[in-house]
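Asks: What follows is a structure written as structure tokens; I'll ask about it next.
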Amino acid sequence: MLRKPMLRPQSWSELAAILLRLSSRSSLVAARGKGLSRLRAYATVVDAPKYDAEYDVVVVGSGAGGLTAAVTATLSGKKKVLVAEKTKWFGGTTAYSGGALWIPRNELALAAGYEDAPGQAEEYLRNYLEDDYDDATKTMVSAYLEAAPAMVKFLEHNSATEFVVAPTPDYYMHLDGACKAGRTVLNAPYDGRRLGSMVKQIRYPLQGYCAFGSLQVDLLAMNTWRQPFRSLSNFLSVTKGVVRYSLDRTFWGKGTKLCNGNALVGRLIEKARDSGIELWKNAPAVEPLLENGRVTGVVINKDGQRLRVRAKQGVVLASGGFARSSELSRKYLSNPDWTVSPRGNVGDGMRFGLASGGSLPAPLGENAALWSPISILRSPKGPARSYPHFATAITKPGSIMVDADGKRFANEAASYQDLGRATHEAGVRVSYLVGDKRHLQNYGMGMALPGGYPIRHLIKRGYLITAPTITALAQRLNIDPDNLSASIERFNGFARKGKDEDFGRGDGSFDQAYGDFEVKPNPSLAPIEKSPFYAVTLYSGNGITMYGLTTDKDGRVLKESGEPVPGLYAVGADSNHFLRGRYPSGGLTLGPSMVFGYRAGLHVAK
């Protein structure tokens, strides 16, 4: 005779559940009553704990904005802080970036003698925004300008963070209030060995922003690496860097000298770790936990395990925006084409905020993203790799951009936001960056690095297209040879005179600052004439989205009524840009991420 299997409870909660099931059977009908009610209550408590973990503050995302909020909250008295990173890499979009922040009247610039009078930055933004400078914008601008230098001072005095002044101007120097240098700060290189094995968990820079896989170069030292044989000091500096990198690859598996955005992430991660902040990776935030309209925590899938995590003081959303979401990009971006944003940036913060009662402002249209031409390296194995052509070689003399007809359509050396708008207005989805041997050797072309670095693999994969003549290059690009030849001949004439009569390239302060001052008479213009000739295919794209949840000056997410959602903050690309997506100077994506992350960290710690 077959026997029924015995019930073998593994815990008190399982025992309670078994007895509850048995209570419905006739053999235990008499047991119903007061004792059974107590048993049910016990089973409910044991089987359904309210939270699996508890913290003062939970930060969703590990870019510079989220890390700044976490570090600020911790140093302001909150002892239990969690940073939950969706992917296996820490650093978010920041790790891909140049690490620039726009910080008017920062201590470093003032100490170095750069002039920036009180109220001057506000005047510049007011003149730039014109009619868009309403009371709401003024409130956000005032909060930003007040907190920006304080944030830099706070981090430098309380963490490993080390900023350096960049000698670059605001983008529109013709406007009153603009500053010729000092407002944009970069990050000093960082020795990633201080992180120990955690250095392997920092997101790698984009290919083209490093050499040989993970050899990083400081933006302020770029000219040295571009011309390693120009002088003995250049040669020794580059040789020292390559030797260190070789040793790093042997002992660490990657380069440990972190530069630019990677350096900023490394420094913030070091402070977070040393301050006791818990850093979870492979831990996406799934949904908010709400009680009576207040955000009390978040459900997190940590390594596949669903956890209910309490946040006693608040949740800070810093998940990087929605550039990788085809659905949200089609809905909110005027040109939802290519992006270099990390794969995890699919709008988690926006969905989380809306589910919590937050709201979105009016769509920003052309200002909803930071635009950039993007080149794509396709591989027979693995995913395609993308490269954003911001203010790098694309602004240097000796190259132009042409459309599918072989004709120029914009000022190639304009600021990337202006170039993006001009590209959209011209209806160009695919274009070509065309340069000669001298341009490639001096400045590089996308992932094709300057200074004689190997390019054969890029030619083999079709990323870099080359030919001995302009006519042959046009044929390889499948565009009209006569048009391309005429465009280059006309441009070469402008370059020799130093005046671009078609698009004004080299006239603006941005063009000149990001050109080459050794080139005369215009640092942005040089003829394209030295064979062989090269081309890279460019696609209309973006680096990061700038449209997000409505927030106040302290990063609190706001309802449609204008009231804050209790317990919820959003910073970086999860919040709406404080200038509504306008971009008048370098560092106005990362700067706001960290400044409002700092303000959110202070507020949540109260």
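Here, each number is a calculation from the coordinates, and none is a lab measurement. Being a predicted model, the structure only gives us computed values, none of them experimental. Cβ coordinates were reconstructed from backbone atoms using ideal geometry, including for glycine residues, and neighbour counts include every protein chain displayed.
Asks: Net charge near Thr423, counting Lys/Arg +1 and Asp/Glu -1 over other residues with Cβ under 14 Å of its Cβ? Show your work: numbers first, answer last.
Replies: On the way: positive: Lys407, Arg408, Arg421, Arg429; negative: Asp337, Glu366, Asp403, Glu412, Asp418, Glu425.
Result for the neighbourhood of Thr423: -2.
Asks: Let me check I've understood the local charge: for Thr161, count other residues with C-beta under 11 angstrom from its C-beta, Lys and Arg +1, Asp and Glu -1. What total comes out?
Replies: On the way: positive: Lys153, Arg267, Lys271; negative: Glu156, Glu162, Glu270.
Spelling it out: positives minus negatives among the neighbours equals 0.
Asks: With a cut-off of 16 Å, note down the residues of region 328-343 whose backbone N falls inside the zone around a label point 7 Å from the Cα of His424 toward its beta carbon.
Replies: So the set is 328-340.
Asks: GluC sites (Glu not before Pro), restricted to region 515-606: which are DSSP loop and have at most 10 other Cβ atoms within 10 Å?
Replies: When the GluC sites (Glu not before Pro) of region 515-606 are filtered for loop state and at most 10 Cβ neighbours within 10 Å, Glu518, Glu560 remain.
Asks: Can you tally the lysine pairs in region 369-542 where the Cα-Cα distance is under 29 Å and the two residues are eight or more apart, or on different chains?
Replies: 25
Asks: While we're here: For region 266-406, rounded, prolate or oblate, judged on the Cα gyration tensor with a ≥ b ≥ c (square roots of eigenvalues), a/c < 1.5 rounded, else prolate if a/b > b/c? All intermediate terms of the calculation are to be shown ahead of the outcome.
Replies: Values: a/c = 2.33, a/b = 1.74, b/c = 1.34.
Taking the square roots of the gyration eigenvalues as a ≥ b ≥ c, region 266-406 is prolate.
Asks: Next question. Any idea what angle helix 481-497 forms with the longest principal axis of the chain, computed on alpha-carbon atoms, 0 to 90 degrees, nearest 10?
Replies: 70 degrees
Asks: While we're on this one: In debye, nearest 20, what is the charge dipole magnitude of region 480-531 about its Cα centre with +1 on Lys and Arg Cβ and -1 on Asp and Glu Cβ, if you could check? Could you put the intermediate results ahead of the total?
Replies: Details: 7 positive and 11 negative charges, 47 e Å.
The calculated dipole for region 480-531 is roughly 220 debye.
Asks: Okay, moving on. Would you please give the FRET efficiency between Asp480 and Phe229, computed as 1/(1 + (r/R0)^6) with r the Cβ-Cβ distance and R0 = 51 Å, to the nearest 0.05? Present the calculation step by step, with values, prior to reporting the outcome.
Replies: Working: r = 39 Å, r/R0 = 0.76.
Taking R0 as 51 Å, the efficiency between Asp480 and Phe229 is 0.85.
Asks: Starting from the Cα-Cα distance between Asp191 and Ala362, subtract it from 0.36 nm times their residue separation and give me the gain in nm to one decimal. Numbers along the way, then the final one.
Replies: Numbers: separation 171, 0.36 × 171 = 61.56 nm, distance 4.34 nm.
This chain segment gains 57.2 nm when fully extended.
Asks: Continuing with this model, one more query. Lysines within cross-link reach of Lys79: Cα-Cα under 17 Å, excluding same-chain residues under 8 positions apart?
Replies: Candidates past the 8-residue exclusion: Lys271, Lys312, Lys606.
Asks: In what order do Val286, Val60 fall by count of nearby beta-carbon atoms within 10 Å, going from fewest to most? Please list the in-between numbers first.
Replies: On the way: Val286 15, Val60 29.
Fewest to most other Cβ atoms nearby, the residues stand as Val286, Val60.
Asks: Separate question: Order these peptides, 71-82, 536-547, 151-162, by their mean beta-carbon neighbour count within 10 angstrom, highest first. Before the final figure, lay out the partial values.
Replies: Details: 71-82: 21.2, 536-547: 24.8, 151-162: 18.7.
Ranking the peptides 71-82, 536-547, 151-162 by packing returns 536-547, 71-82, 151-162.
Asks: R0 = 60 Å: FRET efficiency of Ser531 with Ala150, Cβ-based, nearest 0.05?
Replies: Details: r = 55 Å, r/R0 = 0.91.
Efficiency computed from Cβ-Cβ geometry: 0.65.
Asks: Also: When the helix-only estimate is applied to the chain (DSSP H runs of n ≥ 4, each -39,500 (n - 2.57), divided by the residue count), what is the mean residue ellipticity at 222 nm, nearest 500 deg cm²/dmol? Numbers along the way, then the final one.
Replies: Details: 18 runs with 198 residues, N = 606.
The helix-only estimate for the chain comes to -10000 deg cm²/dmol at 222 nm.
Asks: Counting other C-beta atoms within 10 Å, and keeping those with at most 11, which DSSP coil GluC sites (Glu not before Pro) do you find in region 421-504? All intermediate terms of the calculation are to be shown ahead of the outcome.
Replies: On the way: sites: Glu425, Glu489, Glu501; in loops: Glu501.
In loop regions of region 421-504 (DSSP not H, G, I, E or B), the sparsely surrounded GluC sites (Glu not before Pro) are Glu501.
Asks: Any chance you could give the angle, 0 to 90 degrees and rounded to 10, that helix 416-425 forms with the longest Cα principal axis of the chain?
Replies: Around 80 degrees separate the two axes.
Asks: Extension gain Gln305-Thr471, at 0.36 nm per residue separation less the Cα-Cα distance, in nm? Let's see the in-between values first.
Replies: On the way: separation 166, 0.36 × 166 = 59.76 nm, distance 5.95 nm.
Stretched out fully, the Gln305 to Thr471 stretch lengthens by 53.8 nm.
Asks: How do His424, His457, His174 line up, fewest other C-beta atoms within 10 Å first? Numbers along the way, then the final one.
Replies: Values: His424 16, His457 12, His174 8.
Lowest count first: His174, His457, His424.
Asks: Can you bin region 369-542 into rounded, prolate or oblate? Criterion: square roots of the alpha carbon gyration tensor eigenvalues sorted a ≥ b ≥ c, rounded for a/c under 1.5, prolate for a/b above b/c, oblate for the rest.
Replies: Numbers: a/c = 1.36, a/b = 1.21, b/c = 1.12.
Rounded, because the longest to shortest axis ratio a/c is under 1.5.
Asks: What is the fewest-to-most order of Arg249, Arg226 by other Cβ atoms lying within 10 Å of their Cβ? Show your work: numbers first, answer last.
Replies: Working: Arg249 16, Arg226 22.
Fewest-to-most ranking of Arg249, Arg226: Arg249, Arg226.
Asks: Relative to the longest principal Cα axis of the chain, at what angle does helix 232-251 sit, 0 to 90 degrees, rounded to 10?
Replies: Tilt relative to the chain: about 30 degrees.
Asks: For region 262-336, just say rounded, prolate or oblate: build the C-alpha gyration tensor, square-root its eigenvalues into a ≥ b ≥ c, call rounded for a/c under 1.5, and beyond that prolate if a/b exceeds b/c, oblate if not.
Replies: Values: a/c = 1.94, a/b = 1.16, b/c = 1.66.
In terms of gyration-tensor shape, oblate.
Asks: Rank Phe578, Ser561, Thr339 by how far each Cα sits towards the positive end of the charge dipole of the chain (+1 on Lys, Arg Cβ; -1 on Asp, Glu Cβ) and give me just the farthest.
Replies: After comparing all options, I get Thr339.
Asks: OK, next. If I model a spin label at Phe251 and Lys460 as a point 7 Å from the Cα along the Cα→Cβ vector, what separation in nanometres do I get?
Replies: So the two model labels end up 3.2 nm from each other.
Asks: Among the trypsin sites (Lys or Arg not before Pro) in region 262-357, which ones are in a DSSP loop with at most 12 other Cβ atoms within 10 Å of the Cβ? Mind listing them? All intermediate terms of the calculation are to be shown ahead of the outcome.
Replies: Values: sites: Arg267, Lys271, Arg273, Lys281, Arg294, Lys302, Arg306, Arg308, Arg310, Lys312, Arg324, Arg330, Lys331, Arg343, Arg351; in loops: Lys281, Arg324, Arg343.
Here the trypsin sites (Lys or Arg not before Pro) that fit, given the DSSP loop and packing criteria, are Arg343.
Asks: Given R₀ = 22 Å, FRET efficiency for Phe212-Arg378 by Cβ-Cβ distance, to 0.05? Provide the component values of the computation, followed by the final result.
Replies: Numbers: r = 20 Å, r/R0 = 0.92.
So the FRET efficiency works out to roughly 0.60.
Asks: Work out, step by step, the length gained on full extension between Ser142 and Phe517: first 0.36 nm times the residue separation, then minus their alpha carbon distance; give nm to one decimal.
Replies: Numbers: separation 375, 0.36 × 375 = 135.00 nm, distance 3.56 nm.
Gain in length upon complete extension: 131.4 nm.
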